[in-house]
Amino acid sequence: MNIQNRIWSSLALSLWFNLLFAQEVKFQKSISFSYETGPLISNGTDWGKEIKDAVDYKALDFQIGWRKISNTTFNYLYRYPTMGFGFNSTLKNYEEIGMPQSIYGFMEIPFSIKGLNRRVSFGYFTQLGVGFNLKPYDSLANPANKYIGSRVNGYINLGFSSRFKISERTDFQASLGLKHFSNGAAKKPNAGINLFPLNLSMNIKLGDINSIPSNSLDVPKKTLKSFWNLALYTGIRNYEIGDPTYFRGGLGLNYLVEPAYKYRLGLGMDLFWAQGMRLRFPEQSFSFKDQTSLAIVGTWEWQLTERIFVPIGLGAYLYRNELNQEISWFYERVGARYRFNNNLSAGMQIKAHKAKADFFEFTLGYTILGKR
């Protein structure tokens with residue numbers, strides 16, 4: 001496993017570890033065993049359809065979770081969510097894509113607090129982690145698989161779930177999700193592997209059965225806050241199959257307001273720099289501007305706890321360089337970050353053009369509190 005993959009692994013797991021244990025200590029522990037099956041989603045190409053027909057996806061999944069039942073502001077606002085770690089593995093080693101496996105952290109959020117005490121309840125979930133044991137593209141050994149170019153990749157799974165209570169200790173759950181494996185264009189090809197599985201699971205509560213707080217929480221009135229966010233982005237990018245990998249990075253400055261506990265929103269600017277222009281195009285000469293791009297970006301931060309947040313951004317270029325495969329006038333960003341204190345934060349997100357990955361941004365941020 002190379003340095004970048006070790007970074008992906010340690011960062012994803014540390015984010016979820018801190019998400020679980022940074023604040024509250026009162027939990028309802030549980031374990032879950034599940035079976036899932038569903039189609040691989042083709043990208044419409046001939047080789048994509050060939051691989052889709054060859055992969056009859058079936059997998060087993062194991063989770064250990066902690067439902068947050070302390071009566072705190074964020075627990076109440078998110079209806080006492082369950083967080084934890086999981087391991088997923090396909091049951092077959094496919095000739096085309098290998099035997100995808102993943103280690104991930106997850107968060108499952110109910111749609112309502114009242115629903116938690118009913119026999120049937122509903123919610124949504126997100127999983128973030130590292131996928132490995134994939135069989136990448138090889139021009140000789142595996143030319144058909146142009147979905148993925150590396151053995152280790154980022155992994156994400158988003159979906160909806162329904163839970164049926166069998167007893168106070170045991171639940172049956174069915175969920176539908178969209179799984180995605182991608183290396184963020186760190187090594188091409190990188191169309192990404194997408195799966196749409198149905199998951200059937202049995203959840204068992206461990207230890208003493210702890211009930212959800214019955215009294216509603218009197219959430220303190222939120223005062224409007226403002227912030228200046230400085231961010232340093234670093235990553236790597238592979239532009240063509242078989243070519244070297246180059247550094248990609250950038251700087252960001254955003255002004256954000258926090259009108260509610262759950263989110264911040266604002267506006268800022270991003271400056272990106274791409275290494276290797278002269279090496280990739282030795283017959284041409286380039287200025288500093290040719291190696292950079294500048295954009296205005298709107299940012300929305302989904303605040304999960306006082307420490308964990310999900311940055312979501314939509315940027316519009318003031319100028320860009322198509323030689324750096326900035327293929328559209330706008331870009332998207334989504335990821336996860338951990339706030340170590342009121343100032344310093346770190347995390348990872350993916351920057352993309354029309355859902356096509358540009359690069360994974362390993363981010364170090366610094367926040368300055370503005371006027372209240």
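Each reported figure results from applying straightforward, stated rules to the coordinates on display, with no laboratory input. The shown structure was predicted, so the numbers you read here are calculated from the model rather than taken from an experiment. Using ideal geometry, Cβ is built from the backbone for each residue, glycine included, and neighbour counts are taken over all protein chains shown.
So here's what we get for this one:
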item	result
Overall dimensions of the stretch 225-369 by Cα: Rg and Dmax, Å	15.8, 54
Alpha-carbon centroids, the stretch 288-312 and the stretch 79-135: separation in whole Å	26
Cβ-based net charge around T170, under 13 Å, with every Lys or Arg adding one and every Asp or Glu removing one	+3
The stretch 113-243 - percent relative contact order, Cα under 8 Å, separation 6 or more	21
FRET efficiency estimate (nearest 0.05) - Cβ-Cβ, Y124 to S328, R0 22 angstrom	0.15
Computed FRET value (nearest 0.05) for D243 with F340, which takes r as the C-beta separation and R₀ as 35 Å	0.45
Local net charge near S287, Cβ-Cβ under 15 Å (Lys/Arg +1, Asp/Glu -1)	+2
Distance violations [Cα-Cα > 25 Å] among K52/K92; K225/K351; K179/K354; K179/K351	K225/K351
Virtual paramagnetic centre 7 Å along Cα→Cβ of S112, amide N under 18 Å, in the stretch 154-178	161-165
Qualifying lysines (Cα of each under 18 Å from Cα of K29; at least 8 residues distant if same chain)	K68, K165, K205
Among [x] -0.34, -0.69, -1.12; [y] -0.38, -0.72, -1.06; [z] -0.30, -0.60, -1.04, the entry that matches log10 I(q)/I(0) by the Debye sum over Cα atoms at q = 0.07, 0.10, 0.13 Å⁻¹ as calculated here	[x]
Calculated [θ] (222 nm, deg cm²/dmol) that DSSP helices of n ≥ 4 give over the chain, each run adding -39,500 (n - 2.57)	-3000 deg cm²/dmol
Label-point gap, in nm, between L369 and L230 - each point 7 angstrom along Cα→Cβ	1.8
The chain - percent relative contact order, Cα under 8 Å, separation 6 or more	13
Among R169, R237, R320: highest mean-square fluctuation, GNM of the chain, C-alpha pairs under 10 Å	R169
Model label zone, I212; criterion: amide N under 11 Å from point 7 Å along Cα-to-beta-carbon; scope the stretch 103-117	109-117
q = 0.09, 0.23 Å⁻¹: log10 I(q)/I(0) that the Debye formula gives for the stretch 61-169, counting C-alpha atoms only	-0.35, -1.22
Sites D46 and Q284, calculated FRET efficiency, Cβ-Cβ separation with R0 35 Å, nearest 0.05	0.50
